[in-house]
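Okay, structure first, notes after.
The values are calculated or read from the model by the stated rules, or taken from the named source; none is laboratory data. If you're wondering where the values come from, they're calculated on a predicted model, not measured in any experiment. All Cβ positions, even for glycine, are placed from backbone atoms using ideal geometry, and neighbour counts span all protein chains on display. To get the accessible areas, we keep the full protein, side chains included, count just its heavy atoms, and leave off ligands, DNA and RNA. Shrake-Rupley method; radii C 1.70, N 1.55, O 1.52, S 1.80 Å.
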Amino acid sequence: MMDDVASDSSGTEKTRSPGRRARRVRMTGAERREQLLDIGRTLFAEKGFEGTSVEEIAAKAGVSKPVVYEHFGGKEGLYAVVVDREMRQLLDMVTGALTAGHPRELLEQAAFALLDYIEAYTDGFRILVRDSPVAQSTGTFASLISDIATQVEDILGLEFKNRGFDPKLAPMYAQALVGMVALTGQWWVDTRRPKKAEVAAHLVNLAWHGLDGLEQKPRLIGHRKS
């Protein structure tokens, strides 16, 4: 019988005899850190900060508790890094999406960006909308929404000025619009109905037309249809 053939990390094949157990590959420090972050994100999303323990994180990673403490100083440190990453990811997606010139299409882009994030980073979104005892040091979902609203505020200010409205009211309207999309996102993360494009269309319908001028069948004017 031929010996088993294995490859090392450099791609070089190594022979091992039948019946011998394969040597476990040791993770680098960076790889272990990413593994712990992935496990922590999943557990925090499922159980919340209080419901997750260092013991469970370590067990899922197949390491001892001191390894978690070595990388993050404890559960609070791991949570803080997870939240910071998710906040930056969402903020980057929203601000990067705001490219159109027409205000209505900008609303569509903002709605799609948040819904895209919820769809692609569901665990991260669940973590962001939870309250936690370490939120003060990492920022909160409310503070993140405020950051996004600041991006929208400048756009609304110019539009208000062009239409003869008081641009000083733009910050209030920006908070209202972004907050409406964010709260709808919290509802949609569990229902996932209607489809994403339909949710975006209805959000923009309400924001653009107001209750008095709602379209019976709202449509999207931008290039995205799904």
*Return a yes/no flag: does the range 180-193 have any residue that is more than 15 Å from Ala97 (Cβ to Cβ), of a type in the set (Asp, Glu) and either at pLDDT 90 or above or surrounded by fewer than 20 Cβ atoms within 10 Å (Cβ to Cβ) (or both).*
yes
*Check whether at least one residue in the range 59-82 is at pLDDT below 90, within 14 Å of the chain's Cα centre (by Cα) and surrounded by 15 or more Cβ atoms within 10 Å (Cβ to Cβ), and report yes or no.*
no
*Looking only at residues in the range 25-37 that are open to solvent by 50 Å² or more (accessible area, probe 1.4 Å) and closer than 14 Å to Gly77 by Cα, which one is nearest to the chain's Cα centre (by Cα)?*
Glu34
*asked:* I'd like the residue in the range 123-170 that is among the polar types (S, T, N, Q) and closer than 30 Å to Leu43 by Cβ and, out of all such residues, is modelled with the highest pLDDT.
replied: Ser146
*Hey, could you check the range 194-204 for residues that are in contact with an Asp or Glu (Cβ under 7 Å, 6 or more places away or on another chain) and at pLDDT 95 or above and say which is most open to solvent (accessible area, probe 1.4 Å)?*
Lys196
_Residue under question is Gly222, and the condition is that it be open to solvent by less than 20 Å² (accessible area, probe 1.4 Å) and not in a helix (DSSP H, G or I); does it hold?_
yes
*Looking for whichever is free of Cβ contacts under 8 Å to residues at least 40 places away in the same chain, under 24 Å from Phe72 (Cβ atoms) and of a type outside the set (Phe, Trp, Tyr) here; the options are Arg193, Arg163, Arg88. Which one fits?*
Arg88
